[in-house]
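Student: One structure, as structure tokens, below. Some questions next.
The values are calculated or read from the model by the stated rules, or taken from the named source; none is laboratory data. Quick caveat, the model's predicted, so the values are computed rather than measured. Reconstructed Cβ throughout: ideal geometry from the backbone, glycine too, with neighbour counts over all protein chains shown.
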Amino acid sequence: MKHIRDQFPILNRTVHGKPLIYLDNAATTQKPRAVIDAIVHYYENTNANIHRGIHTLSEEATNAHETARQKVADFIGAKTAQEIIFTRGTTESINLVAATWARSQLQSGDEIIISALEHHSNIVPWQILRDEKNLKLRVIPFDDNGELILDEYQKLLNEKTRLVAVGHVSNALGTINPVKQIIELAHQAGAKVLLDGAQAAPHLAVNVQDLDCDFYAFSGHKMYAPTGIGVLYGKAELLNAMPPYQGGGEMIGSVTFEKSTWNVLPFKFEAGTPNIAGAIGLGAAIDFVNQIGLDKIAAHEHQLLENATAQLQDLPGLRVIGTAPNKAAVLSFVVENQHPNDIGMLLDTQGIAVRTGHHCAQPVMDRYDIPATTRASFAVYNTQDEVTQFAAALQKVLLMLG
């Protein structure tokens, strides 16, 4: 793994005089040199606004931006690049669907199903729409292991179900949900499906045509790309039927004071100057992931997770939260009589970065009757040695806390 770690400049730094051990990857990943260089190259060599420009820089920037879009389409198995809409991230992608497809299609009394595992970004937009349009929001429960109870999901589906919106992977627990089965059952009931793929796209091979989801959302910054760039995939027939999300430049076909018409996909949903450098950086990140291979990344991260789980379970008073057998590389835990924030701050003094809190998943915390967890999450550049150092540092922290 050293040749991979060497590609991440930030991993050479120290924190409080200790070598950085970065275990907060579910929040955001570090960026490899190839991504940093791609962004710098754009600003140093081809910086210009894209589309419609006939000068060389604009044409080069447009080509780089649209090449990145094609890389995204190939990465998730979309039929065409026109089904790929660039957004600021998963949150905006979900809000786009809520504000366009759902607002225009759903009527009073219609029902939306989400799960109790969701990130707030896949709860709050539907609550806003529910209150606006008098919809019903129904919730799939999960068991003590952190697995969705599919029998209960099937009971929720009925002729009023119009949309099922669930996370592909839980950010708080790491549970990999059986999304293909969820999609099949939803479609049998006549409902559309949106998947929040923020925690899945960096770790699992995703093929939206094979899944047959109607919408898929994910963020660049969780898969080695810059912040501020995300993706919404939608089936072309749905996107074509949806009204625009925002009005402005680029998303129009023509404008008069009497009437405006809309641009073709995907530009209808990309008003204003886009995050050009972010899209180029995302394309470079996809190249980076593809060069290693998602299968190899997943296998490495799974080994890290298993090793970390085994070492932490021996620590007194520690309880792992989320023990589903099918998990991505997320390890959440609580320690009896200790607040996660204290653990996180003391680990930071040892150079170890973890995330503490409710992880924008307060209903998950409520289900376990806890206020928060400490969460360690792994990426391709983490090592087994770092896992051992993390476990040793945590043991030292627990002794300090008494």
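Student: For residues that are touching a residue at least 24 places away in the same chain (Cβ under 8 Å) and in contact with a Ser or Thr (Cβ under 8 Å, 6 or more places away or on another chain), scanning just region 32-65, find the one that is surrounded by the fewest Cβ atoms within 10 Å (Cβ to Cβ).
Tutor: ASN49
Student: Now for a different question. Is there any pair linking a residue in region 9-21 that is over 17 Å from GLY344 (Cα atoms) to one that is not in a strand (DSSP E or B), with Cβ under 6 Å and at least six apart or on different chains, and which?
Tutor: Qualifying pairs under 6 Å: ILE10/GLN30; LEU11/ARG5; ARG13/LEU20.
Student: Would you check if PHE390 is of a type in the set (Phe, Trp, Tyr), buried (at least 22 other Cβ atoms within 10 Å of the Cβ), within 13 Å of ASN171 (Cα to Cα) and not assigned by TED's automatic domain parsing to the domain that holds ILE123?
Tutor: no
Student: In region 34-73, how many are outside any helix (DSSP H, G or I) and either out of contact with any helix residue (DSSP H, G or I) (no Cβ under 8 Å at 6 or more places or on another chain) or not β-branched (Val, Ile, Thr) (or both)?
Tutor: Looking only at that region, the number is 8.
Student: Right, next: Out of ALA165, ALA186, ALA217, ALA225, I need the residue that is of a type in the set (Gly, Ala, Ser), outside the structural domain of LEU23 (by TED's automatic domain parsing) and assigned to a loop (DSSP other than H, G, I, E, B). Which one?
Tutor: Exactly one residue qualifies, and that residue is ALA225.
Student: Being of a type outside the set (Gly, Ala, Ser), closer than 21 Å to LEU294 by Cβ and touching a strand residue (DSSP E or B) at 6+ places or on another chain (Cβ under 7 Å) is the filter here; which residues of region 193-202 pass it? It would help to see each step written out before you state the result.
Tutor: To start, the set of residues in region 193-202 that are of a type outside the set (Gly, Ala, Ser) comprises 193-196, 199, 202.
Subsequent filtering for residues that are closer than 21 Å to LEU294 by Cβ retains 195-196, 199, 202.
Those that are of a type outside the set (Gly, Ala, Ser), closer than 21 Å to LEU294 by Cβ and touching a strand residue (DSSP E or B) at 6+ places or on another chain (Cβ under 7 Å): LEU195, ASP196, GLN199.
Conditions tested, residue by residue: (1) closer than 12 Å to ARG162 by Cβ; (2) among the hydrophobic types (A, V, I, L, M, F, W, C); (3) in contact with a helix residue (DSSP H, G or I) (Cβ under 7 Å, 6 or more places away or on another chain).
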{"residue": "SER104", "(1), (2), (3)": "yes, no, no"}
{"residue": "SER108", "(1), (2), (3)": "yes, no, yes"}
{"residue": "SER115", "(1), (2), (3)": "no, no, no"}
{"residue": "VAL124", "(1), (2), (3)": "no, yes, no"}
{"residue": "ILE128", "(1), (2), (3)": "no, yes, no"}
{"residue": "ILE140", "(1), (2), (3)": "no, yes, yes"}
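Student: Would you check which residues across region 305-327 are under 16 Å from ALA26 (Cα atoms) and touching a helix residue (DSSP H, G or I) at 6+ places or on another chain (Cβ under 7 Å) and list them?
Tutor: Residues satisfying the conditions are ALA308, ILE321, LYS327.
Student: Oh, and also: Looking only at region 212-239, count every residue that is of a type in the set (A, V, I, L, M, F, W, C) and either touching a strand residue (DSSP E or B) at 6+ places or on another chain (Cβ under 7 Å) or on the phi > 0 side of the Ramachandran plot (or both) and tell me the total. Steps first, please.
Tutor: Going residue by residue through region 212-239, those that are of a type in the set (A, V, I, L, M, F, W, C) are 213, 215, 217-218, 223, 225, 229, 231-232, 236, 238-239.
Narrowing further to those that are either touching a strand residue (DSSP E or B) at 6+ places or on another chain (Cβ under 7 Å) or on the phi > 0 side of the Ramachandran plot (or both): 213, 215, 217-218, 229, 231-232.
So the answer is 7.
Student: Name the residue that is nearest to THR356 (Cα to Cα), counting only residues in region 164-192 that are polar (S, T, N, Q) and out of contact with any strand residue (DSSP E or B) (no Cβ under 9 Å at 6 or more places or on another chain).
Tutor: Once the filter is applied, the top-ranked residue is GLN181.
Student: Continuing with this model, one more query. With β-branched (Val, Ile, Thr), more than 16 Å from the chain's Cα centre (by Cα) and either on the phi > 0 side of the Ramachandran plot or surrounded by 21 or more Cβ atoms within 10 Å (Cβ to Cβ) (or both) as the only criterion, which of ILE149, ILE112, ILE85, ILE94 stands out?
Tutor: Of the residues listed, the single one that is β-branched (Val, Ile, Thr), more than 16 Å from the chain's Cα centre (by Cα) and either on the phi > 0 side of the Ramachandran plot or surrounded by 21 or more Cβ atoms within 10 Å (Cβ to Cβ) (or both) is ILE112.
Student: What pairs come up if the first residue lies in region 326-347 and is of a type in the set (D, E, K, R), the second is loosely packed, with under 15 Cβ neighbours inside 10 Å and not in a helix (DSSP H, G or I), and their beta carbons are under 9 Å apart, counting only those six or more places apart or on different chains?
Tutor: Taking only residues 6 or more apart or on different chains, the pairs are GLU336/PRO316; GLU336/GLY317.
Condition check ((1) crowded, with 20+ Cβ neighbours inside 10 Å; (2) not aliphatic (A, V, I, L, M)) across all residues:
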| position | (1), (2) |
| --- | --- |
| GLY234 | yes, yes |
| PHE269 | yes, yes |
| GLY281 | yes, yes |
| ASN290 | no, yes |
| LEU304 | yes, no |
